[in-house]
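The values are calculated or read from the model by the stated rules, or taken from the named source; none is laboratory data. This one's a predicted model, so the numbers in the text were calculated from it and none came from an experiment. Every residue, glycine as well, gets a Cβ built from its backbone with ideal geometry; the counts of neighbours run over all protein chains shown. For accessibility, only protein heavy atoms count, side chains too; no ligands or nucleic acids. Shrake-Rupley method; radii C 1.70, N 1.55, O 1.52, S 1.80 Å.
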Amino acid sequence: MRLSLRLQALLFLAAFAACLGIVLSGPRSSSKPADAAPDRSPEVDAGVVSTLETLLKSPQPDVRASALDWISRDERAQSSEFVDLIFTDLKDASGSVHDKALSNLGWILERYHGTPVGDRALQTIEGALKQTKDRSAQLVALDLIGGSGEGGVYVNSGAGQGNPLLISDPFIRKMVVTLLENSQSSLRPQILRLVNGSPSLR
């Protein structure tokens, strides 16, 4: 029975994702994260928000992870109403849910840069890179820093300008140098690709 419910939820997510090709816009009151700056988010259809909220609260980790992955890939689904849920999912016991939540912090940082919400996103990305117990989280952080969009995560809009928000952060620049100098680091190949792809880090 549990497997059947999981399959139904995943099939529903896939079907609903196919319907997102055209997202209707319209005025809608929204619940913004605490201490947020004036909302610069695109209008997201009320039905899309409602459905994604339901999926994000699913008891099935794979359903929550799929919903988070979708939000990270498609800016049309990046509603301010998901910000608090995304930060909550960073504490999820499921590694896949945690990583997909982390992959959403790039667009949150960009949208709320200079506010407590943006600061929290930045500090979380820094922490993911600094810690050494979870390599998967480190890889997500590196993907965010490089703004490469590899793996379907956030694409930093300033990446082509050589000075994206994350690469210009002093703490992150110091961590990149530290990891690069460690010849035993399993992240060294990814760090080298990051440096080679970023003129501001060379």
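Within the range 58-112, how many residues turn out to be under 18 Å from Ala46 (Cα atoms) and among the acidic types (Asp, Glu)? Selection size over the range 58-112: 4. Can you say whether Leu144 is within 20 Å of Arg76 (Cα to Cα) and either crowded, with 17+ Cβ neighbours inside 10 Å or at pLDDT below 50 (or both), as far as the supplied structure shows? For Leu144, the condition - within 20 Å of Arg76 (Cα to Cα) and either crowded, with 17+ Cβ neighbours inside 10 Å or at pLDDT below 50 (or both) - is met.
Go over the candidates Leu52, Leu109, Leu85, Leu56 one by one and state the one that is within 27 Å of Arg173 (Cα to Cα) and surrounded by 15 or more Cβ atoms within 10 Å (Cβ to Cβ).
Leu109
For the range 64-99, filtering for residues that are touching a helix residue (DSSP H, G or I) at 6+ places or on another chain (Cβ under 6 Å) and among the charged types (D, E, K, R) leaves 7. Residues in the range 172-199 that are open to solvent by less than 60 Å² (accessible area, probe 1.4 Å) and farther than 14 Å from Gly147 by Cα: Met175, Val176, Leu179, Leu180, Ser185, Leu187.
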